[in-house]
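The values are calculated or read from the model by the stated rules, or taken from the named source; none is laboratory data. Here the structure is a predicted model, which means the values were calculated and not measured. Here the Cβ positions follow ideal geometry from the backbone for every residue, glycine too, while neighbour counts run over all protein chains shown.
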Amino acid sequence: MPVINEDLEAELGYVTSPAEQQHIRNLWDEADPLMQDISVSLIKGDNNRVDQLTKEALEAGFSANTILDDGLIAGMAIVGVKFRDNLIFVPEVLVAARAMKAGMAHVEPILSASGIEPVGTVIMGTVKGDLHDIGKNLCIMMLSGAGFTVIDLGVDTSPEEFIEAVEENEAGVLGMSALLTTTMPNMGRTIDAIEEAEMREVVKIMVGGAPLSQEFADDMGADGYGKDAMSCVELAKTFMRPDAEPSINPVS
Ligand code: B12
């Protein structure tokens, strides 16, 4: 069984909560040394090395999903903790995000290239005032891989932009992402605007992002909450089932 490498053990030392430390340790103690190396390089913000190691890992036969989960996302978990605890600051996080992007550039085409017919159109965006897009982009990657046509509205998306995109693309599903407690209410405002535009019956709404919960999603009147990219895909698939709601518009 792989052991956790020295650099990662040192990084775990920054995680003071025992539960959090155990959670992150679990991400690594089954992970191949190459995946651990990708995590370390991402934490250090070494985008060239992440780029090179991700290529190597694919050539060595690791699946895109394994590289994403055991290498890239596991590394980002530590970056998140260090940022929260003021051990690193915005510039370091941006450098780590750039390294994540370097790895995702190799993994994304594989996850997206399923070659299957589009099963429906999903509009995705990060809400107004919020610039976090790593999680949203992961969801988009997985949705594309599952055969959805995804329209990415990017970050800082207003309710009007969401509404326009749903209309223009006759989308059956709208997904909103928020990472800040201050921008979470903009999801509710978008849902209200969709109701005012009398479009609530034609689109299913799913929400996600680290600070969200099922309870919050229910309170806002969303149709679903997803804790990660896998649940995002599951939700979108559920919404596309003919028995989900007659209002859904799958791509014909
Ligand atoms: C990277 C990052 C940044 C980067 C963003 C880069 C980018 N391009 O995204 C930068 C440096 C720009 C940044 C800026 C800021 N950040 Co920031 N950031 C983070 C950090 C470290 C990681 C976020 C991340 O990418 N996580 C990894 C992804 C994979 O996870 P995720 O986003 O949760 O997505 C998953 C799920 O939630 C779900 N999901 C996501 N979206 C959706 C949507 C749907 C529909 C579904 C179903 C599922 C789903 O699936 C995803 C994949 O599994 C977090 C800490 C953390 N641990 O979350 C802080 C954090 C979110 N940031 C925070 C803060 C405070 C800020 C700033 C205000 C800092 C400042 N003083 O300037 C600014 C705000 C800028 C703005 N207006 O948005 C706080 C928020 C606190 C709060 N409670 O509101 C956090 C929690 C850090 C902390 N603990 O203090 N940040």
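Within the range 13-55, track down each residue that is among the aliphatic types (A, V, I, L, M) and surrounded by 17 or more Cβ atoms within 10 Å (Cβ to Cβ). Listed by number, the residues that qualify are Val15, Ile24, Leu27, Ala31, Leu34, Met35, Ile38, Val40, Leu42, Ile43, Val50, Leu53.
The residues listed here are Ser112, Ser63, Ser39, Ser17; of these, the one that is more than 16 Å from the ligand (Cβ to nearest atom) and hydroxyl-bearing (Ser, Thr, Tyr) is Ser63.
Taken together, the residues in the range 122-161 that are modelled with pLDDT under 95 and either aliphatic (A, V, I, L, M) or surrounded by 23 or more Cβ atoms within 10 Å (Cβ to Cβ) (or both) amount to 11.
Does the range 12-57 hold any residues that are among the aliphatic types (A, V, I, L, M), at pLDDT 95 or above and over 21 Å from the mean Cα position of the chain (by Cα), and which are they? Answer for the range 12-57, where residues must be among the aliphatic types (A, V, I, L, M), at pLDDT 95 or above and over 21 Å from the mean Cα position of the chain (by Cα): Leu34, Leu53, Ala57. Right, Asn86: near the ligand (Cβ under 9 Å from one of its atoms) and of a type in the set (S, T, N, Q) or not? So Asn86 passes the test. Could you tell me whether Gly103 is crowded, with 21+ Cβ neighbours inside 10 Å and outside the structural domain of Ala217 (by TED's automatic domain parsing)? Judged against the criteria, Gly103 is a match. For the range 188-204, indicate whether the set of residues that are modelled with pLDDT of 95 or more, of a type in the set (D, E, K, R) and either in contact with a Phe, Trp or Tyr (Cβ under 9 Å, 6 or more places away or on another chain) or buried (at least 22 other Cβ atoms within 10 Å of the Cβ) (or both) is non-empty. So far as the range 188-204 goes, yes, one or more of its residues are modelled with pLDDT of 95 or more, of a type in the set (D, E, K, R) and either in contact with a Phe, Trp or Tyr (Cβ under 9 Å, 6 or more places away or on another chain) or buried (at least 22 other Cβ atoms within 10 Å of the Cβ) (or both). In the range 122-229, counting only helices (runs of 4 or more DSSP H) that sit wholly within it, the ones holding 2 or more residues that are more than 13 Å from the ligand (Cβ to nearest atom) and among the hydrophobic types (A, V, I, L, M, F, W, C) span 159-169, 185-196.
Could you check the range 88-100 and list, in sequence order, the residues that are surrounded by fewer than 21 Cβ atoms within 10 Å (Cβ to Cβ) and in a helix (DSSP H, G or I)? Matches in the range 88-100: Val90, Pro91, Glu92, Val93, Leu94, Val95, Ala97, Arg98.
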